[in-house]
1. For region 124-146, state whether one or more residues are touching a strand residue (DSSP E or B) at 6+ places or on another chain (Cβ under 8 Å), of a type in the set (Ser, Thr, Tyr) and over 23 Å from Asp52 (Cα atoms).
2. Only one of (1) more than 22 Å from Asn58 (Cβ to Cβ); (2) assigned to a loop (DSSP other than H, G, I, E, B) fails for Thr93. Which number is that?
3. Can you tell me which residues in region 58-79 are free of Cβ contacts under 8 Å to residues at least 40 places away in the same chain and under 18 Å from Ala168 (Cβ atoms)?
4. Give me a count of the residues in region 168-200 that are of a type in the set (Lys, Arg) and modelled with pLDDT of 65 or more.
5. Quick one: which of Leu92, Leu79 is modelled with pLDDT under 95, out of contact with any strand residue (DSSP E or B) (no Cβ under 6 Å at 6 or more places or on another chain) and under 25 Å from Ala157 (Cβ atoms)?
6. Report, by residue number, each residue of region 145-188 that is over 15 Å from Thr82 (Cβ atoms), exposed (fewer than 12 other Cβ atoms within 10 Å of the Cβ) and in contact (Cβ under 8 Å) with a residue 12 or more places away in the chain.
7. Quick one: in region 98-108, of everything that is touching a residue at least 60 places away in the same chain (Cβ under 8 Å) and more than 14 Å from the chain's Cα centre (by Cα), which residue is nearest to Arg147 (Cα to Cα)?
8. If I ask for residues that are touching a helix residue (DSSP H, G or I) at 6+ places or on another chain (Cβ under 7 Å) and assigned to a loop (DSSP other than H, G, I, E, B), which ones from region 39-82 would you list?
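The values are calculated or read from the model by the stated rules, or taken from the named source; none is laboratory data. Being a predicted model, the structure only gives us computed values, none of them experimental. Glycine gets a Cβ as well: all are built from the backbone with ideal geometry, and neighbour counts include every protein chain shown.
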Amino acid sequence: MGRSDISGERETRMGTWLRLGRTVVSALLAPRLAVPDGTSVLTMRVWPNDLDFNAHMNNGRYLTLMDLGRVDLLLRAGLGRTILAKRWTAVLTGATIRYRRSLKPFQRFRLETSIAGWTEHAVFIEQRFIIASGAQAGEVAASAAVRASLLHPGSPARKVRITELFAALGLAPRSPPLPEIFVQLGAGTASIPPLKEDAI
């Protein structure tokens, strides 16, 4: 690995940590989100360290930024405090993403994150990147389906019941019917179908 590669990685890590710090601070100051129906919305811009050799946002960067959306959702919904208090560990157990449009240098976009539903031991999260500037404003750049679980402290094989998470907030909601993509994700067979207008 050359010196320029190392420097590039360092800049990327710094950019990620700065975004994370800003996300945490803004989430702690932002209005509370309703559980489980609230939607987290983060507005960001494509910076040079987000780009690949094709001069658009690197495919892997979408997955990194999706972490920020889930952090914002957890904190603003009050779930983060519960998870920390009980020393549960949140883990990603599955994800599938469909890239539809490129995000270009300095283009603004929104990352929308919401809970699509849940089963006994898994929460299913929908995340969408929406173009916020330029001729394609309002169009979906990428959409993802994510499955996450919580693990008990000292027992990685033992998953937390999702009802326990909601009960800690004094809630007992019922999951809405899961869209097929999330049913497939739970079974490990998920593949987001293309739209007719999808970019190649």
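1. Looking only at region 124-146, we keep the residues that are touching a strand residue (DSSP E or B) at 6+ places or on another chain (Cβ under 8 Å), and these are 124-133, 137-146.
Keeping just the survivors that are of a type in the set (Ser, Thr, Tyr) gives 133, 143.
From what's left, over 23 Å from Asp52 (Cα atoms): none.
Looking through region 124-146, none of the residues is touching a strand residue (DSSP E or B) at 6+ places or on another chain (Cβ under 8 Å), of a type in the set (Ser, Thr, Tyr) and over 23 Å from Asp52 (Cα atoms).
2. (2)
3. Leu74 - this is the single residue of region 58-79 that is free of Cβ contacts under 8 Å to residues at least 40 places away in the same chain and under 18 Å from Ala168 (Cβ atoms).
4. The initial filter retains those residues of region 168-200 that are of a type in the set (Lys, Arg), namely 174, 196.
Still in the list and also modelled with pLDDT of 65 or more: 174.
Of the residues in region 168-200, 1 are of a type in the set (Lys, Arg) and modelled with pLDDT of 65 or more.
5. None of the other options fit; the residue is Leu79.
6. Within region 145-188, Pro156, Pro177, Gly188 qualify.
7. Looking only at region 98-108, we keep the residues that are touching a residue at least 60 places away in the same chain (Cβ under 8 Å), and these are 98-102, 106-108.
Of the ones still in play, those that are also more than 14 Å from the chain's Cα centre (by Cα) are 99-102, 106-108.
Values: Tyr99: 18, Arg100: 21, Arg101: 23, Ser102: 25, Phe106: 30, Gln107: 29, Arg108: 27 Å.
The extreme case among them is Tyr99.
8. Listed by number, the residues that qualify are Trp47, Asn58.
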